[in-house]
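Some notes on the structure that comes next.
The values are calculated or read from the model by the stated rules, or taken from the named source; none is laboratory data. Please read all numbers here as calculations on a predicted model, not as lab measurements. Here the Cβ positions follow ideal geometry from the backbone for every residue, glycine too, while neighbour counts run over all protein chains shown.
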Amino acid sequence: MTTTGPSTTSPTSAEGRAPATVIARGGASPPLLLVIIVVVLGASAGLSAQTADLEAGRRKAEPCGRCHGADGNATLVAMPSLAGQPAWFTHWALIKFRDGRRKDPVMSPFAASLSDADMADLAAYYAAQPPRRRQQIVDAAKAEAGKELATLHHCTSCHRPDLSGQNQVPRVAGQDLEYLLKLLRAYKAQTAGDLEGLMTQAAQPLTDADIENLAHFMAILPAAPPSP
Amino acid sequence: MLRITLTSVVAAVALVLALGPLAEAQQPPQPPPAWQQGRPPDMANSPLAPVAAPPTPTPAAQIQVNKIKLPPGFKISVWADGILNARQMAWGDKGTLFVGSRVAGNVYAVVDRGGRREVKVIAKGLVMPNGVVFKDGALYVADIPRLLKYENIEANLDNPPAPKELYTFPKEAHHNWRFLALGPDGKLYFNMGAPCNICMPPDTHANISRVNLDGTGFEYVAHGVRNSVGADFHPVTKELYFTNHGRDWAGDDFPNDTLHHAPRKGLHFGWPYCHQGDTVDPDFGQGRSCSEFAPPLLKLGPHIAPVGTRFYTGNLFPPEYKNRLFIAQKGSWNRTQKLGYRVMMVELKVGQPPKYEVFAEGFHEGNNVVGRPTYIEWMRDGSMLLSDDYHGAIYHITYQR
C-alpha cells in the first residue's frame with residue numbers, strides 16, 4: 001500500500017510557477033512508486049474572449065476558490081478540480097446538490113442558495129479554465145492495473161478514450177486521487193447522486209482493489225481539456 | 001522434512017506471484033453502460049450515443065418554432081419555457097398544468113397568470129419522475145422507485161404536502177422512467193421497461209401493468225413490451241393502445257418502433273424474441289416464431305422514439321381529426337441520419353389498415369436538433385400542448401380555419 005497525498009513541497013497556488021516537471025522514481029523496489037510533481041504555468045491565454053457570463057461566473061466562484069482553487073484547479077486533498085470540466089457536468093452536479101440527489105455538508109447548503117443562472121455562470125467559468133495536473137503521489141503499479149480495468153469496465157464509453165469527459169460526463173483524467181476513491185466507493189455503495197444510474201450500475205462489480213487501481217490510473221493521466 | 005516444507009512454501013508463493021497478474025488479466029467481461037449494450041464489436045468505434053440532456057432550459061425567444069411545419073390552418077408557439085426537461089403533462093381541476101421530468105428530477109406546476117405562465121417546482125430530487133396523472137384533487141407521480149400521491153395539491157402549490165407512497169416498483173432503473181395513464185376502469189397504467197437494450201428480462205419487466213388508485217391490485221396487462229413510454233385508451237372502444245421502442249444496435253433501419261393494440265390483458269407482444277412483428281431476434285429468437293405473438297398494429301419507423309401517444313378528443317381541429325392517434329416522436333440517436341423529431345398521426349378505422357401521416361415536422365435540420373417533441377396534452381379548447389424535454393418548454397399548437 002502506498003500512502004497518497006500531496007507532495008509536501010507543493011505550492012499552495014500554482015500561479016506563475018515553473019513549467020511542468022515530472023519526476024518518476026521507482027522500478028527497482030516494490031511497491032513501485034511514481035512520484036509526480038507537476039507545476040504547470042497558469043497557461044491560460046487570458047480571458048480576453050470572455051462573455052458576461054464568464055465574468056459573472058468568476059465573481060460568483062470567489063467563495064468556491066478556497067476549496068476548489070481560484071481557477072478551479074484545487075490543491076487540497078480530496079477536493080475535486082473543476083477547471084476544464086464540461087459545463088454541463090458542473091451544472092448538473094450543482095443541480096443535484098441543490099435538489100438533494102447528491103449530499104455534502106459543504107456543497108449542499110452552498111448549492112441551496114444558487115439560482116439557475118448562478119449555476120450556468122459558474123459552470124461556464126470553470127469550463128473555460130485550463131486544467132492542470134494535480135500534485136499527488138500515484139502508485140504506478142496500481143495505475144497500470146487500472147488501465148486495463150478502465151477498458152474492461154467501459155469507463156471510456158462515456159468518459160471518452162482519454163477520460164477527458166464530454167457533455168454531462170466529467171473529466172476524471174488527472175483528478176484528485178482521494179476524491180476519485182471517495183466517489184467510486186460511494187457509487188459502489190449506491191449513495192452517490194447519479195443522473196441516469198449508469199455510474200451506480202458500473203460500480204457494482206468493482207472490488208475494493210479495482211476501485212484503488214482505477215482511481216490511481218485516472219489520477220495519473222494528464223488533465224487535458226475535453227476535445228471539441 | 002523441514003527443508004521440503006520450506007521449498008513447497010517458496011514454490012507456492014512463486015506460483016501465486018506468477019498467477020496473480022494473469023488471473024487479474026482474465027477478469028470476466030463486464031456489462032457496458034445500458035445504452036451501449038448489444039452493440040456489435042464491429043461498431044465499437046461508432047460515434048452514436050444518446051443525445052445528452054442540457055442542464056438549462058432554452059429561453060422561448062431562442063427556440064426556433066418558426067422551423068416547424070404544420071398542416072394548413074395550424075399554428076405553433078411557445079406556451080411556456082423554463083421547465084427543465086419537461087415530460088408528461090396532466091391538467092388539474094383548477095387549471096394547473098402538472099409536468100413531470102426525467103433527469104431533472106422535478107415535478108412542476110404551471111399556473112396561468114393572465115396569459116403569463118408561472119412555473120413552480122412542487123417536487124424535486126426524485127428519480128426520473130416522468131409520469132403524472134391528476135384525479136379527484138390528487139396528483140399521482142410515478143418515478144422509478146415509487147408511485148406517489150400528492151393530495152389536495154392545487155390548494156397547496158407553494159407548500160406541497162409530503163406524498164403518500166402507494167406502490168414500490170422493482171429496482172432495475174434502465175427503461176423504467178414511466179408513463180402514467182388513467183384507464184377507463186379507473187386504474188393507473190404504467191410501463192416497467194426492459195432493463196437493457198436486448199436481454200432475457202426478469203419476469204417483473206418488459207411489460208405494461210396497472211394498479212388501483214390506492215396502489216393495490218397490481219396486475220400485468222401486456223407482456224413482451226421492451227420500452228413503452230406512451231399509451232392511451234380509444235375514445236370509443238376504451239381499449240388500450242401503446243407505442244414501443246425497438247432495440248438498438250441492429251442497424252439504421254431495423255427494427256421499427258411500433259404501435260400496439262391490447263384489447264385484452266395478458267397478450268405477449270414479442271420482445272425479446274420477435275421484433276416489429278416479423279423478424280426473430282438473432283440471439284433470443286432461436287426456435288421461436290413471430291406468429292406466437294400479438295403483432296404490432298403499425299410500424300412507426302426505426303429508432304424514431306415514440307413518446308407521447310394520445311387520441312384527439314377535442315372539437316377545435318378539423319372534424320376528420322376526431323379520434324386520431326397523435327404520436328410525438330422524440331427522435332433517433334442510434335441511427336446515422338436523424339429520424340423522428342416530429343409528431344405523426346394515425347387514423348384507425350375498422351376494417352381498414354391504419355393511415356399514418358405527418359402532423360408536425362422540422363424538429364431536426366440534418367443532424368442538428370431543433371427540438372424534441374416529447375408528450376402531448378389537450379387544452380380545454382381542443383388545442384394541443386406539446387412538451388419538449390430538450391429545450392424544457394411546452395409548445396401550443398392551435399387551429400384556425
Output for region B:21-44, where each listed residue is within 10 Å of chain A (Cβ to nearest Cβ) and modelled with pLDDT under 50 = B:Pro21, B:Glu24
Given (1) of a type in the set (Ser, Thr, Tyr); (2) touching a Gly at 6+ places or on another chain (Cβ under 8 Å); (3) more than 26 Å from B:Val221 (Cβ to Cβ), index of the condition B:Tyr375 fails | (3)
Hits in region A:97-107 - residues which are closer than 13 Å to A:Ala192 by Cα and more than 8 Å from every other protein chain (Cβ to nearest Cβ) = A:Phe97, A:Arg102, A:Lys103, A:Asp104
Qualifying residue in region B:41-48 (condition: within 30 Å of A:Met119 (Cα to Cα), surrounded by 12 or more Cβ atoms within 10 Å (Cβ to Cβ), in contact (Cβ under 8 Å) with a residue 12 or more places away in the chain and not basic (Lys, Arg)) = yes
Examine region A:203-224 for a residue that is of a type in the set (S, T, N, Q), within 22 Å of B:Ala52 (Cα to Cα), within 13 Å of chain B (Cβ to nearest Cβ) and surrounded by 20 or more Cβ atoms within 10 Å (Cβ to Cβ), and state whether such a residue exists.
-> no
Look through region B:385-401, keep the residues that are within 20 Å of B:Asn85 (Cβ to Cβ) and either among the aliphatic types (A, V, I, L, M) or in contact with a helix residue (DSSP H, G or I) (Cβ under 8 Å, 6 or more places away or on another chain) (or both), and return whichever of them is surrounded by the most Cβ atoms within 10 Å (Cβ to Cβ).
-> B:Leu386
Does region A:159-173 contain at least one residue that is in contact with a Lys or Arg (Cβ under 7 Å, 6 or more places away or on another chain) and within 12 Å of chain B (Cβ to nearest Cβ)?
-> yes
Is it true that some residue in region A:73-80 is closer than 24 Å to A:Arg134 by Cβ, within 17 Å of the chain's Cα centre (by Cα), within 14 Å of chain B (Cβ to nearest Cβ) and not β-branched (Val, Ile, Thr)?
-> no
Test set (1) of a type outside the set (D, E, K, R); (2) touching a residue at least 24 places away in the same chain (Cβ under 8 Å); (3) away from chain B (no Cβ under 14 Å) - A:Ala189 fails condition number = (2)
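Can you tell me how many residues within region A:125-149 are in contact (Cβ under 8 Å) with a residue 40 or more places away in the chain and farther than 17 Å from A:Tyr179 by Cα?
So the count comes out to 12.
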Output the residue which, of all residues in region B:301-338 that are surrounded by fewer than 19 Cβ atoms within 10 Å (Cβ to Cβ) and of a type in the set (A, V, I, L, M, F, W, C), is farthest from B:Lys69 (Cα to Cα).
-> B:Trp333
Out of (1) more than 16 Å from the chain's Cα centre (by Cα); (2) away from chain A (no Cβ under 11 Å); (3) surrounded by 15 or more Cβ atoms within 10 Å (Cβ to Cβ), what's the single condition that is false for B:Ser77?
-> (3)
Scan B:His234, B:His261, B:His275 and give me the residue that is surrounded by 16 or more Cβ atoms within 10 Å (Cβ to Cβ), over 30 Å from B:Tyr321 (Cβ atoms) and either of a type outside the set (D, E, K, R) or at pLDDT 95 or above (or both).
-> B:His275
Does B:Leu84 satisfy being within 14 Å of another protein chain (Cβ to nearest Cβ) and either under 27 Å from B:Gly371 (Cβ atoms) or surrounded by 21 or more Cβ atoms within 10 Å (Cβ to Cβ) (or both)?
-> yes
Collect the residues in region B:50-72 that are more than 14 Å from chain A (Cβ to nearest Cβ) and either in contact with a Lys or Arg (Cβ under 6 Å, 6 or more places away or on another chain) or of a type in the set (A, V, I, L, M) (or both), keeping them in residue-number order.
-> B:Ala60, B:Ala61, B:Ile63, B:Val65, B:Ile68, B:Leu70
Out of region A:60-117, which residues are of a type in the set (Asp, Glu), out of contact with any Ser or Thr (no Cβ under 8 Å at 6 or more places or on another chain) and within 25 Å of B:Tyr108 (Cα to Cα)?
-> A:Asp99
